[in-house]
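**Q** Just passing along the structure, written as structure tokens.
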Amino acid sequence: MDQGACTGDGLCVQLAPTVFEFDIDGLAYVKGSDGELRTQAGASAPVPLPLVDDVVAAADDCPGNCIYVERPDGTLEAGPGS
């Protein structure tokens, strides 16, 4: 996730609340498998298989184009440049 491009629109939080959450700054962040927000620049987290479609939809609809979805082999599945 590219936090610098996040607009705080919240589509990702609506589409995949298990994976994304708002922080106090009004921006959305990806959550790790432990439920903790990953606030560092370029943060990433594994996505459980049942949630992949929701996360891909969030990446496709994100107005800030800040969500990248990579397959385990590193191939970009969704997001800017996919």
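**Q** I'd like the Karplus ³J(HN,Hα) series for region 36-51: coefficients 6.51, -1.76, 1.60, θ = phi - 60°, whole numbers in Hz, and an x wherever there's a Gly or Pro.
**A** 7, 5, 9, 9, 6, 4, x, 4, 9, 7, x, 10, x, 3, x, 9
**Q** Return the sequence-ordered ³J(HN,Hα) values of region 7-19 in whole Hz as given by the Karplus equation 6.51 cos²θ - 1.76 cosθ + 1.60 applied to θ = phi - 60°, using x for Gly and Pro.
**A** 9, x, 4, x, 4, 5, 5, 5, 7, 9, x, 6, 9
**Q** Determine, from the Cβ-Cβ distance of V52 and A5 and an R0 of 35 Å, the FRET efficiency 1/(1 + (r/R0)^6), rounded to the nearest 0.05.
**A** About 0.95, to the nearest 0.05.
**Q** Still on this structure, I have one more. Length gain on complete extension for the stretch D73 to A43, per 0.36 nm per residue less the alpha carbon to alpha carbon distance? Walk me through the intermediate numbers first.
**A** Values: separation 30, 0.36 × 30 = 10.80 nm, distance 1.78 nm.
This chain segment gains 9.0 nm when fully extended.
**Q** Given H placed 1.01 Å from N in the peptide plane, which residues other than close sequence neighbours of T7 have an amide H under 5 Å from its amide H?
**A** The list, which skips near neighbours in sequence, is G64.
**Q** May I pose another question? Tell me whether region 3-78 comes out rounded, prolate or oblate; compute the Cα gyration tensor, take square roots of the eigenvalues as a ≥ b ≥ c, and use a/c under 1.5 as the rounded threshold.
**A** Since a/c stays below 1.5, the shape of region 3-78 is classed as rounded.
**Q** Given a cut-off of under 8 Å on Cα pairs at least six residues apart, what relative contact order in percent is computed for the chain? Intermediate results must be reported in sequence, preceding the final value.
**A** On the way: 138 pairs, mean separation 23.5, N = 82.
Result for the chain is 29 percent.
**Q** What is the set of long-range amide H partners of E77 at a cut-off below 5 Å, with H atoms built 1.01 Å from backbone N?
**A** Residues meeting the criterion, in which the H sits 1.01 Å from N, are V69, E70, R71.
**Q** Work out from phi, with θ = phi - 60° and the Karplus expression 6.51 cos²θ - 1.76 cosθ + 1.60, the ³J(HN,Hα) of each residue of region 58-68, listed in order in whole Hz, and give x for Gly and Pro.
**A** Taking θ as phi minus 60°, the curve returns 4, 5, 5, 9, 4, x, x, 6, 10, 9, 10 Hz for region 58-68.
**Q** Turning to a different aspect of this structure: Set the Förster radius R0 to 25 Å, insert the Cβ-Cβ distance between S82 and E21 as r into 1/(1 + (r/R0)^6), and round the FRET efficiency to 0.05. Don't skip to the answer; put the middle values down first.
**A** Working: r = 23 Å, r/R0 = 0.94.
Using R0 = 25 Å, I get an efficiency of 0.60.
FYI, it's all coordinate maths here, none of it is from the lab. Just so it is clear, the model here is predicted, and its values are computed rather than measured. Positions of Cβ are backbone-derived with ideal geometry, glycine not excepted, and every protein chain shown enters the neighbour counts.
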